[in-house]
Amino acid sequence: MSDPPVLEVRSLRKTFKDLVAVRDVSFSIAPGETYGLLGPNGAGKTTTISMLCGLLERDAGEAIVAGRPVTTSSTDAKAAIGLVPQDLAIYPDLTAAENLTFFGRLYRMGGKELAARTAEVLETIGLADRADDRADEFSGGMKRRLNIGIGLLHKPRLLVLDEPTVGVDPQSRNAILESVEHLSEEGMAVLYTTHYMEEAERLCDRVGIIDEGEIKAEGTRPELVSLVGQRDRVRLTATGELAQAANALREAPAVEDSSVGDGAIVLVVDGARSALPDLLRRAAEAGAAVTGVDVSEPNLEAVFLHLTGKALRD
Amino acid sequence: MRAALRIAWKDLTLRLRDRSAIIWGIVAPLLLASVFSLILGEVTDPDAIDVTIAVVDDDGGEVSQGFVAAVRELGDQGVFDVVFGTSAREAEQQAEDGEIDAAIVIPAGFTDAVVGGRASEIVVVGHVDSPIGSQVARAVATGFAGEVNGISVAVGTAIAASGDDLDDLDALVADAAAAPTPLGLDTETEASKELSASTFYAAAMAVFFLFFTVQFGVIGLLEERTQGTMARLLAAPIPRASIIFGKAITSFVLGIVSMAVLVVVTSLLPFMDADWGDPIGVAILVVSGVLAAMGVMTIVATFAKTPETATNIQAVVAFLLGMLGGAFFPLSQLGGVVARLSLLTPHAWFLRGLGDLSAGGGPGDILVEAGFILLFAVVTTGFALTRLRRTVEL
């Protein structure tokens, strides 16, 4: 019997005046699973998070965290959630350690447990040597890491990260992504919202594609890609008998289509990575000297485009 | 409650760290109270007046001699310095040269005019740069003129009552002049309910800046929103009310500490030596005043979207209430509409209450004042509570 989900969201709905910000959103996250909400700005990601973290009253539906329904006043359910808001949520005039200690106390921690956990988190976020420095002296990346550290402090069952890498330099961004991977490996359930396709592909076990307040599709990356039904595209830059080679390649079992253009043979292939050695051999036998190979696999960006008719960063 | 205390403790730490609360709650009111007290205190402190008045008695009669004797007595008491001139011309020259601040000249024939019921004038000559000296001389002369008019009426009445049988007119005038004034004013501070200058400005500046000090607590609600930490507080496993309560505790503590420090320091500083009166009574007024200030400033905070906007509006409100409440000068002395309007402010009632305490009253004597301030607090806080909910939302 599998573990019950840490988070279960059913038919969540929120309306602001005439605008339906979240429309019957449902999904669940198992322990140790990282679930991504992928969508452009204004898709309803933050509103969804605000409701399931008890920040915002919902109009309909329910969110259950660790078996307890979440409302704006449900303290037990909130205690199981670690929120990392999109905007920095730290006190600039407090030190890193003071920030962690203050929020730790609000999460019912204290004494030696809090001191030990504070030191542990400072180590995790790489700020142990800056523990007694005020947050307003930190770089943007360090502030982001502290922002995440506060969410982790009380060892939540569910960690909710709302676009944690927005405006972060590449080095800090990579550190944040590594931290999330590490937490997931430790068994923490993670809800990760982003409009960066590559982050969702790297981190998330399952992804919900959200747009205009509605989850358009959900599943693992291969499941989502299969929804689109696209194949890999292989571009072989070559010299010699290109037309002859294209005809020969069309006979290969993995190839669905082939054409010639602009000094290259363009193939539509099912499973390009495994078929590539066979394709190169057939091209050479047909008289084409291949000088370059470019493989394009269908990604979540393409899925999003297919489902919504617009690019992720529109 | 525990969460509220933790939020308050964090806020107090931040306020002490950026020193804003210390500046607005202690340094600024103390500085202004000291300055006002040093500058304006001398104007209202009789002991500090250094005025020389010359008296010229060109009459030499019964009535003018009585006046000269009375002025000499005032000089002996140290109210001002008295010199006696020989002529009006000489006194005018001395006043023009600045050797004296003012001169009072009683013209020849003054006594006869008084006895005869005819008009006569006492002349006051002042040095142009000594308005206070001129005011003092005019006040003394006016008081004397009032007394002379009384004598004149008494003598006239006696003559009318006796027909032509009045034998000794000089004796009648002397008796009338020597008769005690039937109604007098006790001008001792203890019974006057008027605060000394140093106490007034200490109290006025304390209650004026109190409105700036308590704003640091309620404005914290807006700061939590602008710096993003409100989301964390709302996500934390604490009741939402504890966020508001924490801010209220911050305001209350800042207000009480600020007022307590000001009461103690202005009482101990030798150049101020403020007399606040009964400590329990002062404590009642202080607590009431802090609650009233919290109510007003919370209402303002609920109408603002950013801390900066709130601070600006709160400053305007604090100034208006302070001005109207008589924090800069005692409006009650103006009378009329302004004095009545001032009673709409907690400042006016606070200063009234302190007047009672400073005059020797106890807690029982300030119940009305404290009651009005608390009523103000209840009304404003009640209104603020109806709007506060929106400040603890995203």
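All of the numbers you see were taken from the coordinates with simple rules; none came from a lab. Owing to the predicted nature of the structure, the values given are computational and were not obtained by experimental measurement. When we count neighbours, we look across all protein chains shown, and the Cβ atoms used for this are built from the backbone with ideal geometry, even at glycine.
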Fill in the blank from the handout: In whole angstrom, the spacing between the Cα centers of the range B:357-394 and the range A:141-214 equals 48 Å
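To one decimal place, what orientation-averaged projected area in nm² is obtained for the convex hull of the Cα set of chain A?
20.1 nm²
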Practice task
Quick one: compute a quarter of the convex hull surface over the Cα atoms of the range A:167-313 and quote it in nm².
Solution key: 11.2 nm²
Practice task
Note down the net charge around residue A:97, summing +1 for each Lys or Arg and -1 for each Asp or Glu among other residues with Cβ under 10 Å from its Cβ.
Solution key: -2
Handout entry: Quotient of Cα Rg and 2.2 N^0.38 Å for the range A:233-314, N being how many residues it contains
Key = 1.22
Practice task
Take the range A:105-235, compute every pairwise Cα distance, and split them into 5 Å bins from 0; I just need the percent in each bin.
Solution key: 2, 9, 17, 19, 17, 13, 9, 6, 4, 2, 1, 0, 0
Exercise for the section: Run a plain Debye calculation on the range B:345-394 (Cα atoms as equal point scatterers, no solvent) and give log10 I(q)/I(0) at q = 0.14, 0.25 Å⁻¹, rounded to two decimals, same order as the q list. Expected result: -0.47, -0.85
Completion exercise
From fewest to most C-beta neighbours within 10 Å, the residues B:238, B:256 line up as B:256, B:238
Practice task
Write down the radius of gyration of the range A:154-216 and its Dmax, each obtained from C-alpha positions, in Å.
Solution key: 12.1, 33
Problem - Stokes-Einstein diffusion coefficient of the range B:272-394, Kirkwood radius over Cα pairs, 10 °C, 1.306 mPa s, in µm²/s - result: 103 µm²/s
Exercise for the section: Mind jotting down the distance between the C-alpha centroids of the range A:1-62 and the range B:268-309, whole Å? Expected result: 46 Å
Fill in the blank from the handout: Across the alpha-carbon set of the range A:115-180, Rg over Rh with Rh taken as the Kirkwood radius works out to 0.94
Exercise for the section: Kindly provide the Kirkwood hydrodynamic radius of the range B:44-125 in Å, to one decimal, from all pairs of distinct alpha carbon atoms. Expected result: 13.2 Å
Problem - Estimated dipole of the protein assembly as shown in Debye, rounded to 20 [Cβ of Lys and Arg +1, of Asp and Glu -1, Cα centre] - result: 5260 debye
Practice task
Report, for the protein assembly as shown, the % of DSSP beta bridges that are antiparallel, rounded to 5.
Solution key: 60 percent
Practice task
On each of the three principal axes of the Cα atoms of the range A:1-95, give max minus min coordinate, whole Å, ordered largest first.
Solution key: 48, 37, 27
Exercise for the section: Between the alpha-carbon centers of the range B:206-267 and the range A:231-292, tell me the distance in whole angstrom. Expected result: 72 Å
Problem - In Å, descending, principal axis extents of the Cα set of the range B:271-323 - result: 42, 25, 16
Handout entry: Two-decimal ratio, the range B:1-106, of alpha-carbon radius of gyration to 2.2 N^0.38 Å
Key = 2.12
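For chain A, what's the relative contact order in percent, using C-alpha pairs closer than 8 Å and at least 6 residues apart?
Details: 631 pairs, mean separation 60.6, N = 314.
Contact order relative to length: 19 percent.
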Practice task
For each of B:201, A:107, A:192, count neighbouring Cβ atoms within 10 Å of the residue's Cβ, then give the residues from fewest to most.
Solution key: A:107, A:192, B:201
Problem - Rounded to 5, the percent of DSSP beta bridges in the range A:148-273 classed as antiparallel - result: 75 percent
Handout entry: Shape call, the range A:59-180: gyration tensor on alpha carbons, a/c limit 1.5
Key = oblate
Problem - Debye log10 I(q)/I(0) for the protein assembly as shown, one point scatterer per Cα, at q = 0.10 Å⁻¹ - result: -1.03
Handout entry: FRET efficiency for residue A:3 and residue A:241, using Cβ-Cβ distance with R0 set to 45 Å, rounded to 0.05
Key = 0.15
